[in-house]
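Worksheet: the structure to be examined is printed underneath.
The values are calculated or read from the model by the stated rules, or taken from the named source; none is laboratory data. From a predicted model like this one, the values you see are computed outputs, not experimental measurements. Positions of Cβ are backbone-derived with ideal geometry, glycine not excepted, and every protein chain shown enters the neighbour counts.
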Amino acid sequence: MGPWFCYNPWAFQGSVPPPGSSWQQGNSPGGWPPHGDQGGRGQGIMGASPQAHTVFAPPPPAPSTPLWDQAGLIAALNQMALQNSGWVMDSGATSHMHNSDGILISRQLSSIPSITVGSGHHLPVSCSGSSTLPGHASPFSLRNVLVVPSLVRNLLSVRQFTRDNNCTIEFDAFGFSVKDLQTRRVILRSNSSDGLYTVPATPQANLVTSTDLWHHRLGHPGAAALHLLRHNNSISCNKSAHTLCHSCQLGKHVRLPFGNSSSVSSLPFELIHCDVWTSPVASISGAQYYLVILDDFTHFCWTFPLVHKSEVATHITQFCAFVHTQFSLPVKAVQADNGTEFVNNTLATFFASSGIHLRLSCPYTSPQNGKAERIIRSLNNICRTLLIHAHMPPKYWAEALATATYLLNRRPCSAIHQSSL
Ligand SMILES: [Zn+2]
């Protein structure tokens, strides 16, 4: 084949256009192809005829050879409309028969090459295997399902079904009931109005699936959502193994993880973390914020309710003086975020005159101030719990905060190896 080999609608040299062709021209009725010297220059619906290509076109197919099996396609389309993924109970069938192998959990070559239908025709069996049918409590077992691709209706052998599932089937004018053989309890009920004993249709896509497949199909929901869907029988899984999803790990991370901080302090007050929390409710004493100061080495924390954020500078100045006098230790560095309560002239002057290094986290990068944020979360959890337990309104949060700080400083702390101060 040369590089010029391609499908060329103008390449037909015979007098018969291809079946279903709509390229006949108004100015050359019946003429095929629309040669340039026959009533117009072949201005077809796809534009001018590229005559040069016809030189290199491959030999045309014989006019008598159909390009595709039109009758076969129509028959296949008709069969598609008739084919149904649901099952029909059939007391005359010796085996379960289905037209798709997509329902099989396990498959093998069938020992039966074909089945005989009522008209006496033989339909080929492509393979066989086992499958399941969803039930209220547990799925029904379908063993030795013959896959017959040309089958119009999927047949469920009554004999085989009752034998494999230890049940009985009772038919009535409206449908049928599958009952447990021992307890006589109805384990499946199906009403149908189409004159056949059809089994409640289960979308074929619901069969032979794992939790992972459903996780992918449903747009990667969490394990809890999948568990709920399985629990209320909205989805059916044959395999429950849920593996870690690489796409989720990549797709659901809004940012790369922060590396663990390598800075380690060796003395109390070598580094203190500061942050301010804004309360949605003003305390009974009028406080709207609180400042938390956490010592990196001991994990001891101090809290100061504030009416205004501007009080932060005063509290930090006084705290450093307190530490210096009481412990004879200098505060060497202060870690804070970029809030104006920490970045202002008053504090800048104080830090400069005291030789304190102010370490600021990058803007919008709160994890760099993680220790202070974590201690605020712990304190708030204790405050909320104390108030709820004592049936106290939220406006007493500042009072609860004092208790929470006292308690947190005395609890075992994982950051200092489960010891407390
Ligand atoms: Zn996923």
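Residues in segment 135-164 that are part of a loop (DSSP other than H, G, I, E, B) and out of contact with any strand residue (DSSP E or B) (no Cβ under 8 Å at 6 or more places or on another chain) were compared, and the one that is modelled with the highest pLDDT is 152.
Test residue 268 against the stated conditions and say whether it is of a type outside the set (S, T, N, Q), more than 16 Å from the ligand (Cβ to nearest atom) and either at pLDDT 80 or above or surrounded by fewer than 11 Cβ atoms within 10 Å (Cβ to Cβ) (or both). Explain how you work it out, then say what you get.
Working: of a type outside the set (S, T, N, Q): yes; more than 16 Å from the ligand (Cβ to nearest atom): yes; either at pLDDT 80 or above or surrounded by fewer than 11 Cβ atoms within 10 Å (Cβ to Cβ) (or both): yes.
Judged against the criteria, residue 268 is a match.
In this structure, is residue 152 under 17 Å from residue 88 (Cβ atoms), touching a residue at least 40 places away in the same chain (Cβ under 8 Å) and touching a Ser or Thr at 6+ places or on another chain (Cβ under 6 Å)? It would help to see each step written out before you state the result.
On the way: under 17 Å from residue 88 (Cβ atoms): yes; touching a residue at least 40 places away in the same chain (Cβ under 8 Å): yes; touching a Ser or Thr at 6+ places or on another chain (Cβ under 6 Å): no.
So residue 152 fails the test.
A search for C-beta distances below 8 Å between a residue of segment 321-345 that is outside the structural domain of residue 372 (by TED's automatic domain parsing) and any residue that is buried (at least 21 other Cβ atoms within 10 Å of the Cβ) and modelled with pLDDT of 90 or more, counting only pairs 6+ apart in sequence or on different chains, returns nothing. Restricting 325, 346 to residues that are at pLDDT 90 or above, under 18 Å from residue 312 (Cβ atoms) and β-branched (Val, Ile, Thr) narrows the list to 346.
In this structure, residue 233 qualifies as on the phi > 0 side of the Ramachandran plot and modelled with pLDDT under 80.
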